[in-house]
Structures are given as structure tokens and as C-alpha cells.
Amino acid sequence: MNRTILHSDMNCFYASVEMMLNPELQGKAVAVCGSTENRHGIVLAKSEKAKQAGIKTGMVNWEAKRLCPDLILVSPQYEQYLKYSNMAREIYQEYTDLVEPYGMDECFLDVTASQVLYGSGKEIADQIRCRMKNELGLTVSIGISFNKIFAKLGSDMKKPDAITSIEESEWKQKVWPLRVSELLFCGRSTTKKLEQVGIYTIGDLAEMDHDYVNQLLGKNGLMLWSYANGLDDSPVMEKDFVSPMKSVGHGITCTADLKTEEEAWKVILELCQDIGHRLRIHGLKAQGVQIAIRSQELFIRQYQGQLSLPTIVPLEIAKLARELFQRNYDWKEPVRSVTVRAINLVSAKEPEQICLFSDPIRLEKEEKLFLAIEEIRRRFGKRAIYPAALMKDLKMPEYRDHGLIMPGVMNR
């Protein structure tokens, strides 16, 4: 049986929730923005009217306001967005248990078997669209196709409050004329490389020589080539599926630029406290560390290295992150934001190969100390015990007893 896959995308999600919660915002140019005071002053989401005025996601607040003087800026309410995201998934799950989230406002649904009960894929999509509008006050755009990639493509083709079908009998006519950048996972860098060799549309990519694609873009290029040829057979996972964690990271845009290695070290050490905590919670250890530095000019540099032994200890992760930073960053510009990630994760129960030049006894003692610190924090709060180096100004957003408040944090 040919598959029937839906991709449901809630239109202007953050802004739509804000307008639904505050009817006075209906029909106006609205932008959900980060805090200007904490230097997260960019547009996170915009209403349809703001979009028509030229407002784009990622635009800084002052630029958006200059472009659209009537623009209403509102602060994000993430707990509300999560609430409505969960309610939307409850609706999806009434039609199928194969519901795979793709971000807070998007989901894939496999309704192949559901058609016996609820009608064709298009009829199911229309039922969902109407229910979302009537029950939640939100609109969705839904793509229907025989694989996930084209279903996602379909939901992007017509917005808002629309349904687009890409049938197996006609997909080449609909998909191949589209720009290659519209293909999922084809980012700006890949698009630029393809355009440099005369590949502008999805059809151009599909007709490229397989070996040449491999030579130009490697395995990721071969994946895109397969997608362009309609060869995606990836399944829609069940609603309770949790994908394996590939990394645990924490990042922040600082309240002021970092200008010295000491300032950078304090931020790195603080970020690693959370990373160690989350590694323990998930029963994982890190075999490597990655650090990403964004300069004052918003240029991102990224470095990574291997640990001598897998660990959950924040200090060990932070020390390698600092070493990578010191060895590679030239300080031609101050640092605006820092992200640290624990990578190459393994189960904490997995046997370890001891390295001749490492000190496993010392590391074991450090892990026991960290677990004792975790227990104190669990009982008395995150700031009950912490490194003395973190007592001074970190150029980071404010603390609260239950943890560090970081509006622009990137958790991966």
C-alpha cells in the first residue's frame, strides 16, 4: 500500500497564540521578540500582517520597528506555546498513533491505515484543519504526500490555512520546478555550492550524476539527491518515540561582550554545570566537547576535541572547552555568545577502555564529588553550592533559585 503522510504546520505559531490570547491584537502587525535588555532583541515570530509588511524572523527589533512603525512587539510566553502544541498533538493522535513532532509547531502524521476509518488523506487533513481552527483558534497548513520530505514541502507551498497535495503520479511536475533551497535540509551553504555549478532547481539536482553529487557534497549531497528523486522512505515514528540524544548543549548570548579569557572561562564553566546535570539525568557520558563562539560581528567559529575518558564532570568538560577556545580564538573581536556541547555520547553503564596516559582514579573521585554536589542542589536549590569562580559578575542574565534564566539558550 502506498503511504499517505501529512505534515501539519501551525501558521505564525507564536504570534497566532498571542493574538488568540489577546483579541485586541487580532488583525494587527504583531511580532514576538526576545528581550532587548538581555541582547536577545530579535523577531522570533510574526503575524501574517507583519509578514506582509516585510518583517522577517531573525530581524533585530529596532530594524523591524523602523520597517513597520505600527508593529506591536510582545514578549514570548513559552509555557502557553507548549500548552497549545500539546493540545494540537492530542488532536493529531485521535487520527493516528504515528505522530512525529518536528519542532513545537510542526508534526508528521502517517494516516495510511487511518483512511479506513476517517476517509482519504485529504479528508483527514481537512478535518484536522477545521478542528484546529474551531477548537484551538489556530490555523494550520497541511501537506499531503507519499513521503515525509514532499509532505513537508507541500505544507510550505501554500499558507496560511491551506492544504496542498503532492500525489505520486504528479510529483515531478510540482516538485522539480521549485528552487533547490526549498528542499528540506538544503541550507544556504549547500544552495550556494549547487548554484555555483548551475544547479538552481530540485529537478536540476535530481538529474545530476550520482557520483558527481557525492564528490561535490559528500553523503549529505547524496541524501538530498535521493530526496529530489522522491526516494525518501523514512518512517513516521510513534507518538511516544524519543530519538537518541546525539549531544547535550547549552548556549547563551551574554548581556555584554566578553573581552578577556577570564570572562569567557566563567561563562564556559557556568554552562557546563547544566550540561553535567543533564548528562546525569539521561544516564550518559561525553567522549568529546564542542564549543561554538559567536563574535561581535555575529560570525560563528566552532571547535571540538576528544576527552581522554568519558565523563559527566562539568569541570572536565569545561577545561577541554577552555583549551579549545584558547588554542583557536584570536580575539580580533569580542565574544557575543558562547555555546558548549557534550558530544559523542555513550551510556554511563557502558564499560570504558582505560587510556595509558589518563588518570581514571582521579576522574572517579571527581564524579563522586559531582554526584554529591548534585544531591545538595536537588535538596536545597541550584545555587546552594557552586564554584567560587562564579560568584562574580558573569555578564549573563539573572539567576533564580530553581536555575539559571537564559532567554536565548540553545539546548540540543
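The values are calculated or read from the model by the stated rules, or taken from the named source; none is laboratory data. All figures in this text were calculated on a predicted structure; none of them were measured in a lab. Please note: Cβ atoms are built from the backbone with ideal geometry, for glycine as well, and neighbour counts cover all protein chains shown. Just so you know, the surface numbers come from the protein's heavy atoms only, side chains and all, with ligands and any DNA or RNA stripped out. Shrake-Rupley method; radii C 1.70, N 1.55, O 1.52, S 1.80 Å.
Annotations for the structure displayed:
- Among the candidates Leu307, Leu284, the residue that is among the aliphatic types (A, V, I, L, M) and touching a residue at least 60 places away in the same chain (Cβ under 8 Å) is uniquely Leu284.
- Positions within the stretch 170-228 being over 16 Å from Asp156 (Cα atoms), open to solvent by 70 Å² or more (accessible area, probe 1.4 Å), within 28 Å of the chain's Cα centre (by Cα) and touching a residue at least 24 places away in the same chain (Cβ under 8 Å), in sequence order: Lys193, Asn220
- Within the stretch 98-112, the set of residues being surrounded by fewer than 18 Cβ atoms within 10 Å (Cβ to Cβ) and modelled with pLDDT of 95 or more comprises Thr112 only.
- Scanning the stretch 261-296 for residues that are closer than 17 Å to Glu333 by Cα and assigned to a loop (DSSP other than H, G, I, E, B) returns a single hit, Gln296.
- Pick from the stretch 342-354, criterion outside any strand (DSSP E or B) and open to solvent by 50 Å² or more (accessible area, probe 1.4 Å), ranking: farthest from Gly283 (Cα to Cα): Ile354
- Subset of the stretch 317-341 [surrounded by 23 or more Cβ atoms within 10 Å (Cβ to Cβ) and without any contact (Cβ under 8 Å) to a residue 60 or more places away in the chain]: Ile317, Ala318, Leu320, Ala321
- Lys239 vs. criteria out of contact with any Ser or Thr (no Cβ under 9 Å at 6 or more places or on another chain), open to solvent by 30 Å² or more (accessible area, probe 1.4 Å) and over 24 Å from Leu371 (Cβ atoms): no
- Against the list (1) closer than 21 Å to Ile291 by Cα; (2) within 23 Å of the chain's Cα centre (by Cα), the condition Met237 fails is (1).
- Unique residue being open to solvent by 40 Å² or more (accessible area, probe 1.4 Å) and in contact with a strand residue (DSSP E or B) (Cβ under 7 Å, 6 or more places away or on another chain) when the list is Lys49, Lys28: Lys28
- Check on Gly54, in contact with a Cys (Cβ under 8 Å, 6 or more places away or on another chain), outside any strand (DSSP E or B) and more than 24 Å from Thr255 (Cβ to Cβ): yes
Results for (1) part of a loop (DSSP other than H, G, I, E, B); (2) crowded, with 16+ Cβ neighbours inside 10 Å, shown as yes or no for each residue.
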residue	(1), (2)
Leu117	no, no
Ala125	no, yes
Arg129	no, yes
Leu138	yes, yes
Lys152	no, yes
Ile163	no, yes
